[in-house]
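The values are calculated or read from the model by the stated rules, or taken from the named source; none is laboratory data. Quick caveat: nothing in here was measured; it's all calculated off a predicted structure. Using ideal geometry, Cβ is built from the backbone for each residue, glycine included, and neighbour counts are taken over all protein chains shown. Only protein heavy atoms, including side chains, enter the accessible area calculation; ligands, DNA and RNA are left aside. Shrake-Rupley method; radii C 1.70, N 1.55, O 1.52, S 1.80 Å.
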Amino acid sequence: RSYAVTQLTQQPGAHGSLDKASMKLPFDDLADMLIGGNMFIKHGRRGKPQARWLWLSTDRQSLLWRRNGDLKVRGALPLKQFTWVQLGFNGKFGEDADAAFFCLVGPDRRLNLQIDAGNSWGLCLRARDGWARAFAHLLGAINSGPS
């Protein structure tokens, strides 16, 4: 199956670029990656960074998270709240635009996520681009349905 890709933009000042040729990937492979999850630095509404394991619910409708080492789900956000993905930090806290951030953005909500891949800047940016691309495909599927 293929789905329309939702808007994916780059915050001015954010480094790296998205490879347009690789934007069309099999949806099920991307969904499996998101369901498997990854460790992110999640920046809450008040800007406090917290390391969290984030993953997609098996029904592909919600983003779930837990503390590192916990098994208990600590939070969930319905993905219908978000309409597009932006590279870079989206917010008022003035975070370093060079950090490997991407943001899920909606009319009333935004969620800033940061990739932490150690000291490898190139690895951080590639990982950020891959996860941002996967979320963009998923949001396109949720917001527009199958094409």
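Determine which member of the set Pro49, Pro78, Pro146 is modelled with pLDDT of 90 or more and open to solvent by 40 Å² or more (accessible area, probe 1.4 Å). Selected residue: Pro78, the only one of Pro49, Pro78, Pro146 that is modelled with pLDDT of 90 or more and open to solvent by 40 Å² or more (accessible area, probe 1.4 Å). Restricting attention to the stretch 81-125, the residues that are at pLDDT 80 or above and surrounded by fewer than 15 Cβ atoms within 10 Å (Cβ to Cβ) add up to 4.
Of the residues that make up the stretch 53-70, is at least one surrounded by 16 or more Cβ atoms within 10 Å (Cβ to Cβ), modelled with pLDDT of 90 or more and farther than 20 Å from Gly106 by Cα? Yes, some residue in the stretch 53-70 is surrounded by 16 or more Cβ atoms within 10 Å (Cβ to Cβ), modelled with pLDDT of 90 or more and farther than 20 Å from Gly106 by Cα. I need every pair where a residue in the stretch 54-76 that is at negative phi has its Cβ under 9 Å from the Cβ of a residue that is assigned to a loop (DSSP other than H, G, I, E, B) and open to solvent by 50 Å² or more (accessible area, probe 1.4 Å), sequence separation at least 6 or different chains. Pairs found: Leu64/Val73; Leu64/Arg74; Trp65/Val73; Trp65/Arg74; Arg66/Lys72; Arg66/Val73; Arg66/Arg74; Arg67/Arg74.
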